[in-house]
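The values are calculated or read from the model by the stated rules, or taken from the named source; none is laboratory data. Please read all numbers here as calculations on a predicted model, not as lab measurements. Because the Cβ atoms are built from the backbone with ideal geometry, glycine has one as well, and the counts that use them run over all protein chains shown.
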């Protein structure tokens, strides 16, 4: 990673992702979790305050060292144990069928091979285990989708590889997960950045 991606971008992301609207969505997406959870794109730990008491441990995957430093205070104050297990969601160091749930919040946009990461999550989930997710991605409106295609090259350079135009629902089903809950909507603000997929995918 270069200086910008390693030191500047995690701090910017931490600030941008702390809005009230996004915090409410974190609360929604983490409802119903229990047992051991693997979270990809743990970042600065913004989810930990929202984990239910039924969660016994969080296995965190995060590539940015600064992200881990920013998360330290939140992890220390969390009501759930957090263990860092790796840096790459595309190669999880976990046995098959070993975790109860998984979490991905605004992460699939930046992973180089999101299908591979989702296949890994499916592998490590127990049968019937669930991935809880909230992601931005490809909008159904053709005008918005064209804008997403147009802006994605710049977005990738400025935001650590972030794509505006990934079809999250198709990526999930393509990895062999069943979409058992799905809500889609626009966040407040520019539509090219705001089309959101929130739901649950089950192994």
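May I ask you to verify whether residue 145 is assigned to a helix (DSSP H, G or I), under 23 Å from residue 21 (Cβ atoms) and touching a helix residue (DSSP H, G or I) at 6+ places or on another chain (Cβ under 9 Å)?
yes
From 160, 176, grab the single residue that is in a loop (DSSP other than H, G, I, E, B), under 23 Å from residue 93 (Cβ atoms), modelled with pLDDT of 95 or more and in contact with a helix residue (DSSP H, G or I) (Cβ under 7 Å, 6 or more places away or on another chain).
Numbers: 160 fails: modelled with pLDDT of 95 or more.
Only one candidate qualifies: 176.
Please enumerate the residues belonging to segment 165-192 that are crowded, with 19+ Cβ neighbours inside 10 Å and closer than 23 Å to residue 19 by Cβ.
Within segment 165-192, the subset crowded, with 19+ Cβ neighbours inside 10 Å is 165-166, 168, 171-172, 175, 177, 192.
Selection gives 165, 166, 168, 192.
Any chance you could count how many residues in segment 30-69 are surrounded by fewer than 22 Cβ atoms within 10 Å (Cβ to Cβ) and either within 17 Å of residue 5 (Cβ to Cβ) or in contact with a helix residue (DSSP H, G or I) (Cβ under 8 Å, 6 or more places away or on another chain) (or both)?
Qualifying residue count, segment 30-69: 9.
With respect to residue 102, determine if the residue is touching a helix residue (DSSP H, G or I) at 6+ places or on another chain (Cβ under 6 Å), modelled with pLDDT of 95 or more and in a loop (DSSP other than H, G, I, E, B).
Working: touching a helix residue (DSSP H, G or I) at 6+ places or on another chain (Cβ under 6 Å): yes; modelled with pLDDT of 95 or more: yes; in a loop (DSSP other than H, G, I, E, B): no.
When the stated conditions are applied, residue 102 does not pass them.
Hey, does segment 106-117 have a residue that's assigned to a strand (DSSP E or B) and in contact with a strand residue (DSSP E or B) (Cβ under 8 Å, 6 or more places away or on another chain)?
Applying the first criterion (assigned to a strand (DSSP E or B)) to segment 106-117 yields none.
No, the conditions are met nowhere in segment 106-117.
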